[in-house]
Each structure stands twice: as C-alpha cells, then as structure tokens.
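What follows is one structure encoded as structure tokens, with my remarks underneath.
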C-alpha cells in the first residue's frame, strides 16, 4: 500500500506534467469547469434552470489557450448572442416565425458575420437567432433568457477556472521557438561551409533546399511570440515570472534578417555550383576564405543559441569577413564578372554579422 507521502509526490508529479503540457492542462481545466457549470446550472433563478445544457457550452467558449484570449472570445460570443436574440425578438414583436422571417434573420445574421470586431461572436449571430425562433418557439422569451443566462454562467465559470488554476503563460514556448530558429540557422550555415570545402561542384544537399524551411520556422517564431505576448496580458503569473519580450522581438528581427541573407547566399552558391537560379562563377581560389567566413558565422550563431555568446567569436567572424574582402581585392585580376559571386556572398555574410552584432554584444558576458 502506498504511503501518503508517495501519493502526494505522485500527485505533485502529475500536476507538474500537466503544467508543462499546456494542451493537457487546458483540457483538464475545461473538463473541471464544465462539471462545475453543470452543477450550478440548475440553481439559476427563473426560467434559466430549464436550459442547463447551455452552461457547459459557455465554458467551452471561455476555454482559450491564453487568459486574454478567453476574455476576448467570451465577450465577442456574448455580443453575438445578444445581437442574434435581438434579431429574433424583432421578428416576434413585429411578425411571427415563418419560412420567410427565419430565413431573413439568418441572412441578416450572416451579414453581421462581416463585422471583424465581433470576432468569434460572428458565427453565433445567425445561430442564436435561429435557435430562438425554432427551438424557443412559443416560449421564445423564456428561451432567450435561459440561453443567454446559462451561456453567461458557463463563461464566468470558465474564466474563473482559467484565472485561478495556472493561467497559461506561453513565454517558455516562444523562447524555445526562438532557439529552434537559431539552431536551424547555425546548422544551415555549417552545411554551407561544408559544401564550400567539398570537391566542386558539391553534391546537391539539404542546405540548397532549406530556404522555405527557414522562412516557415521564422513565421512560427513570430506566431509564438505573439501568443506569449497575449498570454502575459491580465495574467497574474506574468508578475511572478517577469520576462521582457521586447528583447525577443529584437532578436527575432535580427534572425529574420539573417534568414533573408542566408537564403540569398544559398542562391548565389547554388548558381555557382549548378547554374540555378542564376548561373555565376565562384573562383576556387576564393572558396576557402568564404568557407572560413561562413563557418565562423555558424559558430557565432551556435554559441548564441547555447546562451554563451562571445565577443571574441564575433570579432573572429568579422575578421574572417574582412579577410574575404581582402582576398577578393587581391584577386581582382580575375575580372568583375568572375568575382561578382564571391563579392555578393561576402556581402551577405557581412550583413548577417551586422544583424547579429547587437544581440551578441548585449548577451555576451562582461569580462572582469
């Protein structure tokens, strides 16, 4: 038989696991909130207790990945319900439910769906109007009150549970996505350097096809940062775990610039190796210097991703880019058309270093 201490430890472990997995935590919180709303629904006064099944629906409406998103979604849904009920009420006051009036209410409700400010509530305008006229029928007044009241109860319960039980904070997920982009860039640059060191032209590798992957990773990071930013709003946990997202946005902007230059560098090298997308020449005498520059930049990005960026590594990369510039100058006898690819590639790497420099300088440990 388990001891109480072991049981408590097991329960604590389950709680930590749930918190570490936002989707699991949200599912558990929603299930608990639905149970609470279902228990409270019959206690509602007046005719509202006749429609208890709408309370759990209100909980689902208020169950959103972020606390601010839950509030926003709930308010928009309530606005949509009120508008839909008002449309149905207009029919009941001035006419009666029929094929024509029901169709008219649904049509007008769909027009309200074009109001972007209603957000999630846009879909509920025609639904609420239709339910009041068809399901409510002769008891449309009581049904409308019960519908809105029970939905409101469910929304309040859902928001309360979301607020009181570990309101989601998506900062860690955003930081991981940012690290994933740094790692992908570092790996890509290392692969490019390996290709430059290989026999020329190199075999077509993954590095020549990763442009779209880098772009999609960058988009995922921006989405994760936006979610993290929203998750901090009106979230009490944000005060306990402060985090300056403006720095992460600055880093993302720098990495997006680097991604652009990496894609351009990849196109230049692909053109030199296989003649696509634009055929260019890359003299063999300049490839070692370019490889050294790209590899030094890869090392810099990898160090930054590990959390230990070094100003010495930054200077080494800048020195490598300067050496590449000098090598191009020393071999200018090859002609402008011959060294244009090397010059374009070196310019791309130089721009990468310029984009990375502020973040590296900020995060590099100060020397005593």
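The values are calculated or read from the model by the stated rules, or taken from the named source; none is laboratory data. Bear in mind that the values here come from a model prediction, so they are computed numbers and not experimental data. Virtual Cβ from ideal backbone geometry, glycine too; neighbours counted across all protein chains shown.
Within region 235-250, identify whether any single residue is farther than 30 Å from residue 159 by Cβ and modelled with pLDDT of 90 or more, and answer yes or no.
Yes; the residues of region 235-250 include at least one that is farther than 30 Å from residue 159 by Cβ and modelled with pLDDT of 90 or more.
Scan region 221-252 residue by residue and report those that are surrounded by 14 or more Cβ atoms within 10 Å (Cβ to Cβ), without any contact (Cβ under 8 Å) to a residue 60 or more places away in the chain and within 21 Å of residue 185 (Cα to Cα).
221, 222, 224, 225, 249
Out of the residues in region 105-119 that are within 36 Å of the chain's Cα centre (by Cα) and under 27 Å from residue 47 (Cα atoms), which is surrounded by the most Cβ atoms within 10 Å (Cβ to Cβ)?
109
This table checks each residue for (1) at pLDDT below 90; (2) crowded, with 18+ Cβ neighbours inside 10 Å; (3) closer than 28 Å to residue 166 by Cβ.
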position: 60; (1), (2), (3): no, no, yes
position: 63; (1), (2), (3): yes, yes, yes
position: 67; (1), (2), (3): yes, yes, yes
position: 80; (1), (2), (3): no, yes, no
position: 103; (1), (2), (3): no, no, no
position: 126; (1), (2), (3): no, yes, no
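If you check residue 87 against the conditions, is it modelled with pLDDT of 90 or more, buried (at least 16 other Cβ atoms within 10 Å of the Cβ) and under 36 Å from the mean Cα position of the chain (by Cα)?
no
Among the listed residues 352, 324, which satisfies the condition of being crowded, with 19+ Cβ neighbours inside 10 Å and within 34 Å of the chain's Cα centre (by Cα)?
Sole residue among the options that is crowded, with 19+ Cβ neighbours inside 10 Å and within 34 Å of the chain's Cα centre (by Cα): 352.
Just the residues that are surrounded by fewer than 21 Cβ atoms within 10 Å (Cβ to Cβ) and within 21 Å of the chain's Cα centre (by Cα), please, taken from region 139-166.
Residue satisfying the conditions is 166 alone.
Would a scan of region 293-306 turn up a residue that is in the same structural domain as residue 207 (by TED's automatic domain parsing) and part of a loop (DSSP other than H, G, I, E, B)?
no
Which one of these is in a loop (DSSP other than H, G, I, E, B), more than 25 Å from residue 106 (Cα to Cα) and in contact with a helix residue (DSSP H, G or I) (Cβ under 7 Å, 6 or more places away or on another chain): 169, 159, 163?
Exactly one residue qualifies, and that residue is 169.
Quick check: is even one residue across region 331-343 touching a helix residue (DSSP H, G or I) at 6+ places or on another chain (Cβ under 9 Å) and in a loop (DSSP other than H, G, I, E, B)?
Yes, region 331-343 contains a residue that is touching a helix residue (DSSP H, G or I) at 6+ places or on another chain (Cβ under 9 Å) and in a loop (DSSP other than H, G, I, E, B).
For every residue, the table says whether it meets (1) touching a strand residue (DSSP E or B) at 6+ places or on another chain (Cβ under 7 Å); (2) within 18 Å of residue 164 (Cβ to Cβ); (3) modelled with pLDDT under 50; (4) part of a helix (DSSP H, G or I).
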residue	(1), (2), (3), (4)
6	no, no, yes, yes
9	no, no, no, yes
14	no, no, yes, yes
18	no, yes, yes, yes
26	no, yes, no, yes
29	no, yes, no, yes
34	no, yes, no, yes
39	no, yes, no, yes
